[in-house]
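Reading through the structure tokens given below for one structure.
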Amino acid sequence: MSLIPIKSPAEIEKMRAAGQAAAIVLDRLAKLVAPGVTTGEIDRAAGEFMAELGGKSAFLGYRKFPGQICISVNEEVVHGIGGTRRLAYGDIVKIDTGVILNGYIGDTATTVPCGAVDPETERLCTATKKILEGAIPFAVAGRKLGDLSHYIETEALRQGLGVVREFVGHGVGRKLHEEPQIPNYGRLGSGPRLKAGMTLAIEPMINLGAEGVRILDDKWTVVTADGKPSAHFEHTILVTENAPEVLTCLPLIA
Ligand code: MG
């Protein structure tokens, strides 16, 4: 039996703070995406932005991951490493940010167009964002996690998109990856029953083409097997008895 941590009110306060820090950092990084900027420059900025907020990267050093953030371009799905690559007009850039603040982690990701992107890629990005937004309301106390996973899968398939299966969302809190795993596919009524106080990172990874992926020689970067683009959006949410609380939304007054 797996134990899914239930956060105390004091821990939830810390999760809120970490989530807001992650959201602020992600928002600032997204604004740096422009033709000619390197992924390494965005990675370095991430470290500075996190430090300004009193936090640090939850990814740097995790299983020896070398970056402050994951930054993945076009056919790269997740876990890309910032470097010398210069962004080009028409790219899509997935930025995934995990921030540790006072011992707790906020984890959030978005997909940013670099200038205008082709219509099919834009459709992919819009659909993936909407799928995340549509999935979040399933994260309420009493509901089975499989219902949320099922929603993501069926919405993606209905739109002719591929669902990445090898990488999944997850519980998050003191540790980056806690129970439960949150696949982006599943059966209605399956999986653990959600309880108030669980904090979950929900993160659909959706491909324009087929679902298959492979890992590059750097041992980290996941790419689509068919070379078509992939989109990724993620929020850390708190399960409550009522509507879920998105912990990684931007504060109204930053
Ligand atoms: Mg995550």
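Send over a whole-number figure in Å² for the accessible area per residue of the chain, probe 1.4 Å.
Solvent-accessible surface per residue comes out at 44 Å².
Between the range 39-61 and the range 92-143, how far is it from one alpha carbon centroid to the other, in angstrom?
19
Of the heavy-atom accessible surface of the chain (probe 1.4 angstrom), what whole percent is carbon and sulfur?
Values: 6150 of 11180 Å².
On the chain, the fraction of accessible area on carbon and sulfur atoms equals 55 percent.
Which of the lysines could a cross-linker bridge to residue 14, judged by Cα under 22 Å and excluding same-chain residues fewer than eight apart?
Straight-line reach from residue 14, under 22 Å: 56, 175, 195.
If you average 1/r over every pair of different alpha-carbon atoms in the range 34-114 and take one over that average, what Kirkwood value in Å do you get? Let's see the in-between values first.
Numbers: mean 1/r = 0.0787 Å⁻¹.
With all distinct Cα pairs of the range 34-114 included, I get 12.7 Å.
In the structure shown, do any of 7/219; 7/144; 94/219; 64/144 have a Cα-Cα gap over 24 Å, and if so which? Let's see the in-between values first.
Numbers: 7/219 33 Å; 7/144 19 Å; 94/219 18 Å; 64/144 34 Å.
Over 24 Å apart, Cα to Cα: 7/219; 64/144.
Report the per residue volume, in Å³, of the convex hull enclosing the C-alpha atoms of the chain.
On the way: hull volume 30.2 nm³, N = 254.
Expressed per residue, the convex hull around the Cα atoms of the chain is 119 Å³.
Gap in Å between the Cα centre of the range 210-236 and the Cα centre of the range 189-207?
20
Can you pull the accessible area of residue 79 for me, 1.4 Å probe, Å² to the nearest 10?
Its accessible surface works out to 50 Å², give or take rounding.
Largest first, what is the accessible-area ranking of 63, 174 with a 1.4 Å probe? Intermediate values should be presented prior to the final figure.
Numbers: 63 180, 174 150 Å².
Final ranking, largest accessible area leading: 63, 174.
Do me a favour and compute the ellipsoid semi-axes for the range 80-221 from its Cα gyration tensor, root of five times each eigenvalue, largest one first, whole Å.
Numbers: eigenvalues 136, 81, 37 Å².
Semi-axes from the Cα gyration tensor: 26, 20, 14 Å.
Can you compute the modelled spin-label distance between residue 86 and residue 120, with each label point 7 Å from Cα toward Cβ, in nm?
Going by the 7 Å Cα→Cβ label model, 2.7 nm.
Suppose each label sits 7 Å from its Cα in the direction of the beta carbon; what would the residue 187-residue 48 distance come out to in nanometres?
A separation of 5.2 nm, rounded to one decimal place.
The values are calculated or read from the model by the stated rules, or taken from the named source; none is laboratory data. In this text, all values refer to a predicted model and were calculated from it rather than measured experimentally. Note that each Cβ is placed from the backbone with ideal geometry, even for glycine, and that neighbours are counted across all protein chains shown. In case anyone asks, the SASA skips ligands and DNA or RNA and just uses the protein heavy atoms, side chains included. Shrake-Rupley method; radii C 1.70, N 1.55, O 1.52, S 1.80 Å.
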